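So the structure is just underneath, and the comments pick up after that.
The values are calculated or read from the model by the stated rules, or taken from the named source; none is laboratory data. Keep in mind the model is a prediction, meaning the values are calculated, not measured. Cβ: placed from backbone, ideal geometry, glycine included. Neighbour counts: every protein chain shown. Each accessible area value is taken on the protein alone, full model and side chains, heavy atoms only, with ligands, DNA and RNA left out. Shrake-Rupley method; radii C 1.70, N 1.55, O 1.52, S 1.80 Å.
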Amino acid sequence: MKTANGNNKLGKEECLVVSRPVGTTCPQECEYLNDGCYAEKTEVRFPSARRAAETNLITEKNKIRAMLMSCEADNKSLRWHERGEFLNADGELDVEYIGNIEWACQSILDAGFKLPASWLFTHVYHERIAALGRFGIAVYASVHTAEHKASAMLAGFKLFAWNDNRSEYTNAKPRAAKQQESWRNALPKSVSIDDTNYIVCPEMRKTYHEVTCTKTKNTKACRLCVDGKGHVLFPKH
């Protein structure tokens, strides 16, 4: 598996990232594709990131196992799919890939070892993905609407990441840097949507790089999503 260290949002020192190619592995109906997908923009800006992600289309259970073992040994958390998803290029669920993740996790536990803390967000609402939570993975269904959430719940998802792409609950992040501080200060700490409480991403509410998902130099570790502590809402950004 091709991996990378984290970044200024995830944390650079205590986070490992594995990605797959955007679009190729994503649901084609995702409203972010070709319209504000930060992961897609990253691949355009850095072609090497796209090439590395394409390497992970070829999945091998022992390489996944080695990645997990190395991550735990280095005391790092793992961010599954900072970019990309669980589908094949034909748009079908990549059952071989998911099966290899399941085998790798179970073989590590059977050997008496620990798995690293890990988390993922997915637009693919399938019971096999939701069931990865049994390995301690914080599995978040990325949802934009009540209909998305209902579909995810039917598939067994327990954690939800609301992407406020329509700016229904929070204002969109302004482009002008001089306006962003007041925007952060105005963001609510949480919002209630259909009787479910969502914590507004703490990294986005704080001064740039003051909070990261995992600990890094001069930042506080949030770990809300890393440890699956609750539902989260991301303002449009």
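Checking 196, 214, 170 one by one, the residue that is among the polar types (S, T, N, Q), within 28 Å of residue 14 (Cα to Cα) and open to solvent by less than 70 Å² (accessible area, probe 1.4 Å) is 214 and no other.
Looking at the stretch 136-175 only, could you name the residues that are out of contact with any strand residue (DSSP E or B) (no Cβ under 9 Å at 6 or more places or on another chain) and among the charged types (D, E, K, R)? 147, 166, 175 - these are the residues of the stretch 136-175 that are out of contact with any strand residue (DSSP E or B) (no Cβ under 9 Å at 6 or more places or on another chain) and among the charged types (D, E, K, R).
Could we say that residue 92 is open to solvent by 50 Å² or more (accessible area, probe 1.4 Å), under 21 Å from residue 39 (Cα atoms) and more than 18 Å from the chain's Cα centre (by Cα) here?
Working: open to solvent by 50 Å² or more (accessible area, probe 1.4 Å): yes; under 21 Å from residue 39 (Cα atoms): yes; more than 18 Å from the chain's Cα centre (by Cα): yes.
For residue 92, the condition - open to solvent by 50 Å² or more (accessible area, probe 1.4 Å), under 21 Å from residue 39 (Cα atoms) and more than 18 Å from the chain's Cα centre (by Cα) - is met.
Okay, residues lined up against (1) among the small types (Gly, Ala, Ser); (2) touching a residue at least 60 places away in the same chain (Cβ under 8 Å); (3) touching a Ser or Thr at 6+ places or on another chain (Cβ under 7 Å):
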position	(1), (2), (3)
69	no, no, no
75	no, yes, no
80	no, yes, yes
83	no, yes, yes
86	no, yes, yes
89	yes, yes, yes
92	no, no, no
106	no, no, no
109	no, no, no
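Go through the stretch 112-163 and report how many residues are charged (D, E, K, R) and crowded, with 16+ Cβ neighbours inside 10 Å. Full working, then the answer.
Filtering the stretch 112-163 for residues charged (D, E, K, R) gives 114, 127-128, 134, 147, 149, 158.
Narrowing the set further to residues that are crowded, with 16+ Cβ neighbours inside 10 Å leaves 128, 149.
So the answer is 2.
Selection of first residues in the stretch 176-188 that are closer than 17 Å to residue 198 by Cα and of second residues that are assigned to a helix (DSSP H, G or I) and open to solvent by 80 Å² or more (accessible area, probe 1.4 Å), restricted to Cβ pairs under 8 Å at least 6 apart or on distinct chains, gives an empty result. As a summary of the residue check, residue 44 satisfies the conditions (1) crowded, with 20+ Cβ neighbours inside 10 Å; (2) out of contact with any Ser or Thr (no Cβ under 8 Å at 6 or more places or on another chain); (3) of a type outside the set (Gly, Ala, Ser) except for the one numbered (1). Filtering the stretch 140-162 to residues that are within 23 Å of residue 117 (Cα to Cα) and touching a residue at least 60 places away in the same chain (Cβ under 8 Å) leaves 140, 159, 160, 161, 162.
Look at (1) under 21 Å from residue 211 (Cβ atoms); (2) of a type in the set (Asp, Glu); (3) open to solvent by 60 Å² or more (accessible area, probe 1.4 Å) and you find that residue 82 fails only one, number (3).
Of everything in the stretch 143-200 that's of a type in the set (Lys, Arg) and touching a His at 6+ places or on another chain (Cβ under 9 Å), which residue is farthest from residue 222 (Cα to Cα)?
Going residue by residue through the stretch 143-200, those that are of a type in the set (Lys, Arg) are 149, 158, 166, 173, 175, 178, 184, 189.
Narrowing the set further to residues that are touching a His at 6+ places or on another chain (Cβ under 9 Å) leaves 166, 173.
On the way: 166: 25, 173: 20 Å.
Within the stretch 143-200, the match that is farthest from residue 222 (Cα to Cα) is 166.
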